[in-house]
Amino acid sequence: MRATRGSERPLSEVYRYSGLGCMFAAAVLVFMAGGWALDRWLGTLPVFTVLAALVGAALATVNVYRRLMGGDDA
């Protein structure tokens, strides 16, 4: 079965949006891992883990918003 020209666009949008979701999740995980490492080093488990996860989620939200609004479509 051949793909028509109109069916290519929705699939590319699926890739774009799933990429944004993966980028969001990766940002939260990276920040959370950094907070966990800082907690282990300072012996303050789970203070920095939670704070870093919240900061990562906030920054990832801003990044996704900017990309969706076309400000940073690299």
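The values are calculated or read from the model by the stated rules, or taken from the named source; none is laboratory data. These numbers were taken from a predicted model, which means no experiment stands behind them. Here the Cβ positions follow ideal geometry from the backbone for every residue, glycine too, while neighbour counts run over all protein chains shown.
Worth a mention:
- For the range 23-74, residues that are touching a helix residue (DSSP H, G or I) at 6+ places or on another chain (Cβ under 8 Å) and basic (Lys, Arg) total 1.
- Subset of the range 32-64 [surrounded by 14 or more Cβ atoms within 10 Å (Cβ to Cβ) and of a type in the set (Gly, Ala, Ser)]: Ala33, Gly34, Gly35, Ala52, Ala53, Gly56, Ala57, Ala60
- Selection status of Thr61, among the polar types (S, T, N, Q), touching a residue at least 24 places away in the same chain (Cβ under 8 Å) and at negative phi: yes
- Residue check, Ala74 exposed (fewer than 13 other Cβ atoms within 10 Å of the Cβ), of a type in the set (A, V, I, L, M, F, W, C) and modelled with pLDDT under 95: yes
- Candidates Arg67, Arg16: the one that is modelled with pLDDT under 95, surrounded by fewer than 14 Cβ atoms within 10 Å (Cβ to Cβ) and of a type outside the set (Ser, Thr, Tyr) is Arg16.
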